[in-house]
Amino acid sequence: MTDTLRRETLVAQAMGRIDAATRAVIAPIHVSTTFIRDADNQYSAGFVYGRPDNATVREAEAVLAMLEDAGAGALLFGSGMAAAIAVFAILDAGDHVLAPQIMYWALRHWLLTELTRRGVDVTFVAMDDVAAVAAAVQPGRTRLIWIETPGNPLWTITDVAAIAEIAHRADAKLAVDATVASPYHMQPLALGADFVMHAATKMLNGHSDVVAGVVAGARDDAHWQRIVTTRKLGGAILGPFEAFLLMRGMRTLFLRAAAQAGSAADLAARLVVHPMVAAVLYPGLETHPGHAIAARQMVNGFGSMLSIRVVGGAAHAIATAAAVRVWHRATSLGGVESLIEHRASIEGEGTPCPDDLLRLSVGIEHVEDLYADLAQALHGAAVASEV
Ligand SMILES: *Cc1c(COP(=O)(O)O)cnc(C)c1O
């Protein structure tokens, strides 16, 4: 039955599971850390202890595996970073990885500081340049290519299928950080990736009240088992309350993501012609360098993240963020409330992010309120700084 149902239906009903004991529509939260051993010394229910496994976490993982059509299943972690780092556990000292020049800042920092300490070499490549990626592969040494598309904070688009081909030709794996697209807009495993990772903190949960991460795998092989072991032995599993909240959030993923992408596209089109905006970075715009590839590999639109480069530089960008009343001046993304952030300030020294850039995470508020607020902030800041 579930084979013929659409993802919207399955996620809305959390796979249609009904609690056997109570007939509850919403599954109970399993908090027990330990389980009774059978008289014959077995654990016939399949649960032994709370660190490797939890029934509430499994419920959410089943939904995530369905959303990603993941042959190996999905694993939830205590954060997006913990999920990402677990993927790098497939590497050994002496291995080489390719990572994007434009990517989630904290992970880039971890690659540079922590992964290199383990004796793994990292090369940062412009992932939107397929020839450059192919040239950067070191045959016999490159074991993993990590991409992020759309990529923070310029929303750089990487061709998942093309990079998967390069990776597989070199006998390497491809992992995709698809946090921004969410499974509503993109299914990287179907495009040829081996692993897909999300900060479930963002679009998947959607309510800015859970920190969580997920990795889903295309097939259950030795590399997938390395990730399974890393979580199991390292104890990086998500807590049951967070898994429950995430499950509640995911039920409305398709509604939220559709509304947010619609408003983001609307705002992008209007901001392009705003006199105080020098550039709008949004993959849905035909002027975006990755638009054609995004149109091919994304569905239902182009996501809810865009950036604007403000006329008048960093001072005006910061003044604009200071002048908003409806948008929240905060980091993170993918929640129902819209956020604005001067991105260079949080990324700090050495960031490739332009200092006139404001990152916008579009929520579900009325789009006219969002536009009017941004327009008054851009205008007010311009008057104040006499741009
Ligand atoms: C937030 C984010 C992460 C990290 O997730 P956390 O849950 O904050 O650890 C990784 N990648 C992207 C694209 C993100 O936006």
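The values are calculated or read from the model by the stated rules, or taken from the named source; none is laboratory data. Keep in mind that what you see is a predicted model, and the values were worked out from it rather than measured. FYI the Cβ positions are ideal-geometry reconstructions off the backbone, even for glycines, and counts take in every protein chain you see. Note: accessible area is taken over every heavy atom of the protein model, side chains too, but ligands, DNA and RNA are not part of it. Shrake-Rupley method; radii C 1.70, N 1.55, O 1.52, S 1.80 Å.
For the range 1-143, the carbon plus sulfur part of the accessible surface works out to 52%, probe radius 1.4 Å.
For the chain, take the convex hull of the Cα atoms, compute a quarter of its surface area, and give me that in nm², please.
Details: hull surface 81.5 nm².
Seen from a random direction, the Cα hull of the chain projects 20.4 nm² on average.
Count the net charge of all other residues whose Cβ sits under 14 Å from the Cβ of LEU253, scoring Lys and Arg as +1 and Asp and Glu as -1. Write out the running numbers ahead of the final one.
Numbers: positive: ARG6, ARG7, LYS202, ARG248, ARG251, ARG256; negative: GLU8, GLU68.
So the surrounding residues net to +4.
Across the alpha-carbon atoms of the range 20-113, the computed radius of gyration and Dmax are 18.3, 57 angstrom.
Using a Förster distance of 45 Å, how high is the FRET efficiency between VAL130 and ALA39, based on the Cβ-Cβ distance and rounded to 0.05?
Step by step, r from the Cβ atoms, then E = 0.15.
Once the Cα atoms are used to define both axes, helix 55-68 deviates from the longest principal axis of the chain by about 60 degrees.
Hey, got the dipole for the chain? About the Cα centre, +1 on K and R Cβ, -1 on D and E Cβ, debye to the nearest 20? Present the calculation step by step, with values, prior to reporting the outcome.
On the way: 29 positive and 39 negative charges, 109 e Å.
Result for the chain is approximately 520 debye, rounded to the nearest 20.
The Stokes-Einstein estimate for the range 254-386, based on a Kirkwood radius over Cα pairs and taken at 10 °C with 1.306 mPa s viscosity, is a diffusion coefficient of 107 µm²/s. Given +1 at the Cβ of Lys and Arg, -1 at the Cβ of Asp and Glu and no other charges, the dipole of the range 5-145 around its Cα centre is 160 debye to the nearest 20. Taken over the range 101-173, the convex hull of the Cα atoms encloses 74 Å³ per residue.
The order of the peptides 252-261, 39-48 by mean Cβ neighbours within 10 Å, most packed first, is 252-261, 39-48. Of the residues HIS168, LEU98, ALA82, the one whose Cα sits farthest toward the positive end of the charge dipole of the chain, with +1 on the Cβ of Lys and Arg and -1 on the Cβ of Asp and Glu, is ALA82. Quick one: pull the percentage of alpha-carbon pairs in the range 106-247 with a separation above 23 Å. Result for the distance tail: 38 percent. Between the Cα long axis of helix 240-250 and the first principal axis of the chain there is an angle of about 50°, rounded to the nearest 10. Return the calculated 222 nm mean residue ellipticity for the chain, to the nearest 500 deg cm²/dmol, obtained by summing -39500 (n - 2.57) across DSSP H runs with n ≥ 4 and dividing by the residue count. Calculated mean residue ellipticity at 222 nm is -10500 deg cm²/dmol. Could you state how much accessible area ILE237 has, in square angstrom rounded to the nearest 10, with a 1.4 Å probe and all protein chains kept in place? Probe radius 1.4 Å; accessible area of ILE237 about 30 Å². Rounding to the nearest 10 and keeping the result within 0 to 90°, find how far the Cα-based axis of helix 253-271 lies from the longest principal axis of the chain. Long axis of 253-271 versus the principal axis of the chain: about 20 degrees. For the range 108-154, the Cβ-based charge dipole about the Cα centre amounts to some 260 debye (Lys, Arg positive; Asp, Glu negative; other atoms uncharged).
If you roll a 1.4 Å probe over the heavy atoms of the protein chains, what accessible area per residue do you get for the range 75-160, in Å²?
On the way: 2890 Å² over 86 residues.
That works out to 34 Å² for each residue.
When the surface is traced with a 1.4 Å probe over the full set of protein chains, LEU374 keeps roughly 0 Å² accessible.
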